[in-house]
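Below: the structure, in structure tokens.
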Amino acid sequence: MGDQLDELVAQIRAAGGRALAVVCDVTDPVSVATAHARIVAEQGPVEIAFLNAGVGDRTTVKEFDAARVRRLFEVNLFGVAHWLEALFAPMREAGRGTIAVTSSLAAARGLPGSGAYSASKAALSTLLESLQADARRYGILLSIVEPGFIRTPMTAKHKFKMPFLLDPPEAARLMVEGVAEGQPLIRFPWQMAATMQLIRHLPGAIFEPLGRRMLSKRD
């Protein structure tokens, strides 16, 4: 990871931009606070933050492991909480700031085989939604980003078909455009977002058999 960040920094600087790579463990509040302090010391106050750290894992009855569930929540939920704690105070004092947080369309419902991931993202989206009105009072835009499948090393592990799969540059464009427009909720691609809203409202009598078929294709 460090080498990849150093390469990215070199590309940004070669293009005439300013960049600083700081590695931290988002599950460790001390590591996050230290990283934030270094960023402020070397680059100035954070005005726009994209909080994008996240992990995924399979959750089934046969392989259920509470430690794996905890790991997903430590990164996907508490990792964001640690950064919010670091960012909120200075942004509140400045009276402005933008924070975009990557959740997932999987937050819409507990997807078979991805229960811990869906649960962590549902908790994250709910937490952020509850904070948005309060953040606005201090001039802070808090954007919830809920993407579908994006071609990354994490999704490369999936053995099932991923509909409407996006490449990272397209996903980044949609995210940046949504934040620039001040959107509080950014969902994409629209086809997958519409599908997940439909799945969210399916009655259990339909959703459960559908889930069993999904799992049979993954086993």
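Since every read-out is calculated from the coordinates, none of them should be taken as a lab result. Being a predicted model, the structure only gives us computed values, none of them experimental. With ideal geometry, Cβ positions are generated from the backbone for all residues, glycine too; neighbour counts draw on all protein chains shown.
Work from the charge dipole of the chain (Cβ charges, +1 for Lys and Arg, -1 for Asp and Glu, about the Cα centre) and give the residue of LEU210, ILE199, ILE144 farthest towards its positive end.
Positive-most Cα among the choices belongs to LEU210.
Between PRO163, PRO184, PRO153, find the one with the highest GNM mean-square fluctuation for the chain; connect C-alpha pairs within less than 10 Å.
Result for the chain, Cα springs under 10 Å: PRO153 fluctuates most.
Say we join alpha carbon atoms closer than 10 Å with springs in a Gaussian network model of the chain; which of ILE12, ILE186, ILE144 then has the biggest fluctuation?
With Cα springs under 10 Å in the chain, the top fluctuation among ILE12, ILE186, ILE144 is at ILE12.
On a 0 to 90° scale, report how tilted helix 29-43 is relative to the longest principal axis of the chain, with both axes built from alpha carbons and the result rounded to the nearest 10.
For helix 29-43, the angle is close to 40 degrees.
May I ask for the equivalent-ellipsoid semi-axes of the stretch 104-148, computed as the square root of five times each C-alpha gyration tensor eigenvalue and listed largest first in whole Å?
Numbers: eigenvalues 125, 17, 6 Å².
Computed over the stretch 104-148, the values are 25, 9, 5 Å.
State, as an integer percentage, the relative contact order of the chain based on alpha-carbon contacts under 8 Å between residues 6 or more apart.
Result for the chain is 17 percent.
Rounded to whole Å and sorted largest first, what semi-axes of the equivalent ellipsoid does the C-alpha gyration tensor of the stretch 1-121 yield via the square root of 5 times each eigenvalue?
30, 17, 13
Calculate log10 I(q)/I(0) of the chain for q = 0.09, 0.10, 0.12, 0.13 Å⁻¹, where I(q) comes from the Debye formula with a single equal point scatterer on each Cα and nothing for solvent.
With one equal scatterer per Cα and no solvent, log10 I(q)/I(0) is -0.40, -0.49, -0.71, -0.83.
So if I place +1 on the C-beta of Lys and Arg and -1 on the C-beta of Asp and Glu, and nothing else carries charge, what would the dipole magnitude of the chain be about its Cα centre? I want it in debye, nearest 20.
Around 840 debye, computed over the chain.
Below 10 angstrom from the Cβ of ARG151, what's the summed charge of the other residues (Lys, Arg +1; Asp, Glu -1)?
Around ARG151, the charge tally is -2.
Which of the peptides 83-91, 114-122, 132-140 is most tightly packed, and how do the rest follow, going by the mean number of other Cβ atoms within 10 Å of each residue?
Ranked from most to least packed, the peptides come out as 114-122, 83-91, 132-140.
Cross-link partners among aspartates and glutamates for LYS62, C-alpha distance below 15 Å, same-chain residues fewer than 8 apart left out?
LYS62 reaches ASP219.
With the crude spin-label approximation of a point 7 Å out along Cα→Cβ, what separation in nm comes out for ALA37 versus ALA19?
Result: 2.7 nm between the two label points.
Grab the other residues whose beta carbon is less than 14 angstrom from that of ALA107, score K and R as +1, D and E as -1, and report the net.
It works out to a net charge of +2.
Full-extension gain between GLU63 and ARG92, please, as 0.36 nm times their residue separation minus the C-alpha to C-alpha distance.
Contour length minus Cα-Cα distance gives 6.1 nm.
GLN183 label point, 7 Å along Cα→Cβ, cut-off 14 Å on backbone N: hits in the stretch 126-157?
Counting backbone N atoms under 14 Å from the label point, the list is 143-148.
All other residues with a Cβ under 14 Å from the Cβ of LEU202 taken together, and with Lys, Arg as +1 and Asp, Glu as -1, what is their net charge? Present the calculation step by step, with values, prior to reporting the outcome.
Working: positive: ARG109, ARG200, ARG212, ARG213; negative: GLU208.
With Lys, Arg at +1 and Asp, Glu at -1, the neighbours total +3.
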